[in-house]
Amino acid sequence: MSKNEAGSERGPGNCGTEMKIEPARQRLNFVGAPYPERGSSDPQNDPCGNVGTPVAGFSSEDERIQRTLLALGKQGETISRARDQVLKILQTENGCAAWFQEADPDPAGTFRSVNFVLEEDGPSYVFAKKEVGQDEIFKHPPVASSCQNAGRNATIRLNANGAFFKQTSEVLAQDRREGPLQPGGMHVLRVASFRGNSVPAQVIALLHEFGHIIGRLPEDDDSWNGQSTRNTDEVLRHCRPEIRSIARKPTRRPGSHGQETALAF
């Protein structure tokens, strides 16, 4: 079961100043199984359960999914916009789509069948650790999770408190190994070089999870071993031009969510 990167990043300075100084090596990691274990009898709470049961009255699964997202309000609209951007990428002849086609001959069709669940009570803190003589290390709250090789009608679970929807998060800092956690100010959330709650960040997150769903990416988990970050880097290695194209386009989202500086992914 793959879940989103356990984001580890390093940077100098105090947590409280991180909103002003962002290290170039900063990463948002997608983590696996970020949520408490729940019984599989409830498909809404089973991470690998199929929540896409056909419902009478809908002309297609795509319509059902869109209606379900719109019923979630503003967050559902955000998911729907990012979903549309991913479909545009996967339906077009480009390097990103070709890379996914190596694992699935119809990536757009498979992604179109994917269901979405909003985890409203997901983790919200950034955890920070600092060892003597070392830079501070940060671990972001999970962005999303999915099941490895789940295939069509799989589910992506999105953390309402992660970088898919949020730009900043509170820090809990640990000044030494196993030391007490203390408030450490606020920290900017990012996916690769893109600020949280931006369309490029959301598209990268969905492509990452889709990579697990069709087996294009190896499984990662909630550890600090960096596998999830490497998976995001792999997505960007193949989809960088498409992501940059999205970053240059204005969105329909109200308010300003400016493009992040194109740092090294």
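The values are calculated or read from the model by the stated rules, or taken from the named source; none is laboratory data. Just so it is clear, the model here is predicted, and its values are computed rather than measured. Quick reminder, even Gly has a Cβ in these numbers, built from the backbone with ideal geometry, and neighbours come from all protein chains shown.
Listed residues 100, 30; which is surrounded by 14 or more Cβ atoms within 10 Å (Cβ to Cβ) and modelled with pLDDT of 95 or more? None of the other options fit; the residue is 100. Would you call residue 148 surrounded by 19 or more Cβ atoms within 10 Å (Cβ to Cβ), polar (S, T, N, Q) and not in a strand (DSSP E or B)? When the stated conditions are applied, residue 148 passes them. Note on the stretch 103-112: residues that are under 17 Å from residue 144 (Cβ atoms) and more than 18 Å from the chain's Cα centre (by Cα) amount to 1.
Matching residues to (1) under 20 Å from residue 81 (Cβ atoms); (2) in contact (Cβ under 8 Å) with a residue 40 or more places away in the chain:
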site	(1), (2)
187	no, yes
197	yes, yes
202	yes, yes
217	no, yes
221	no, yes
226	no, yes
234	no, no
238	no, yes
247	yes, yes
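Results for (1) part of a helix (DSSP H, G or I); (2) surrounded by 17 or more Cβ atoms within 10 Å (Cβ to Cβ); (3) in contact with a helix residue (DSSP H, G or I) (Cβ under 6 Å, 6 or more places away or on another chain), shown as yes or no for each residue.
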| residue | (1), (2), (3) |
| --- | --- |
| 152 | no, yes, yes |
| 156 | no, yes, yes |
| 161 | no, yes, no |
| 164 | no, yes, yes |
| 179 | no, no, no |
| 182 | no, no, no |
| 185 | no, no, yes |
| 205 | yes, yes, no |
| 209 | yes, yes, no |
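All conditions in (1) over 30 Å from residue 161 (Cβ atoms); (2) surrounded by fewer than 13 Cβ atoms within 10 Å (Cβ to Cβ) hold for residue 131, with the sole exception of (1).
A search for C-beta distances below 7 Å between a residue of the stretch 77-97 that is outside any helix (DSSP H, G or I) and any residue that is of a type in the set (D, E, K, R), counting only pairs 6+ apart in sequence or on different chains, returns 94/242.
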